[in-house]
1. Can you tell me which residues in segment 161-191 are assigned to a helix (DSSP H, G or I) and open to solvent by less than 20 Å² (accessible area, probe 1.4 Å)?
2. Cβ contacts < 7 Å: first residue within 14 Å of Gly164 (Cβ to Cβ), restricted to segment 205-219; second residue at pLDDT below 90, any location; separation 6+ or different chain. Result?
3. Determine which member of the set Val102, Val94 is of a type outside the set (Lys, Arg), touching a residue at least 40 places away in the same chain (Cβ under 8 Å) and not in a loop (DSSP other than H, G, I, E, B).
4. For segment 192-206, enumerate the residues that are more than 19 Å from Ala111 (Cβ to Cβ) and open to solvent by 40 Å² or more (accessible area, probe 1.4 Å).
5. Output yes when any residue across segment 102-110 is of a type in the set (D, E, K, R) and closer than 13 Å to Gly171 by Cα, and no when none is.
6. Given (1) surrounded by fewer than 17 Cβ atoms within 10 Å (Cβ to Cβ); (2) β-branched (Val, Ile, Thr); (3) farther than 29 Å from His132 by Cβ; (4) at pLDDT 90 or above, where does Thr30 come up short, assuming only one miss?
7. What is the residue count in segment 86-103 for residues that are open to solvent by less than 30 Å² (accessible area, probe 1.4 Å) and at pLDDT 90 or above?
8. Check Thr155 against each of (1) over 22 Å from Ile213 (Cα atoms); (2) over 11 Å from the mean Cα position of the chain (by Cα) and name the one condition it does not meet.
Amino acid sequence: MDGEPGPDEVLVDVGLRFPGPGHGLVGTVTAVGPGVDPGLRGRPVVTRSRPGRPAVRVVVAASAVLPEALGPGQAAALVDDAATALRVLAGTPVRAGEDVLVVPAADGPGALLVRLVTDAGARVVAAAHGAHAMRLARELGAVHVVDHGNRGWVTQVHELLPRGPAVVFDGAGGLVGRAAAWLVAQGGRYTSYGTALGPAPDLGPCEPRARGITVTTSW
């Protein structure tokens, strides 16, 4: 068991661990360190832990606590969503300083990917739909947020990232997913992990080869 939380840290009771390279865990905040909002007690946490002997309690950064804007229903779905998000990130790791597009960015695995990618030191451009979803994406750590329900969202992302995102995590599919795949930077990585808005885009063998991108499917 880890010790007491320090400044900007919280103590988490681990409810579930996910084996594999991600060292993922889901838990609940039971204590907070000096200067940390006591209202975080009882909030859910999804994060990656240090390798080593599993502990029933771990100390993590307070930034790993999910925001209150994530409603009770979404929080209750964390087990399945966390398994998906951690599997996606383990299959397509991100590096600090990279630009990453996540779509949709405020429901289920997408919301958790925003937080996990941010914690890894990458910059997230979140594509969400509607005011509530966009606000949640910002609270989860997205640097930029666009509404993928607007016709001009692809242009917005292109203006923010003229060379394109290094990584795209696509849980949308359909026309939104196809547009997201088109945005990937030369030599970048594209991962399809869901079909919330339609079938996964079929990029075929030619497009990835011509653009030097790595295409991964995580189901």
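The values are calculated or read from the model by the stated rules, or taken from the named source; none is laboratory data. Since the structure is predicted, the reported quantities are computational estimates derived from the model, not experimental observations. Don't worry about glycine lacking a Cβ; one is built from the backbone with ideal geometry, like all the others, and counts go over all protein chains shown. Please note that ligands, DNA and RNA were not included when accessible areas were found on the heavy atoms of the full protein model with its side chains. Shrake-Rupley method; radii C 1.70, N 1.55, O 1.52, S 1.80 Å.
1. Gly174, Gly177, Ala180, Ala181, Leu183
2. none
3. So the residue among Val102, Val94 that is of a type outside the set (Lys, Arg), touching a residue at least 40 places away in the same chain (Cβ under 8 Å) and not in a loop (DSSP other than H, G, I, E, B) is Val102.
4. Passing the criteria: Pro199, Ala200, Asp202, Pro205, Cys206.
5. Checked segment 102-110: at least one residue is of a type in the set (D, E, K, R) and closer than 13 Å to Gly171 by Cα.
6. That leaves (3) as the condition not met.
7. Adding up the residues that qualify gives 9.
8. So Thr155 meets the others, but not (1).
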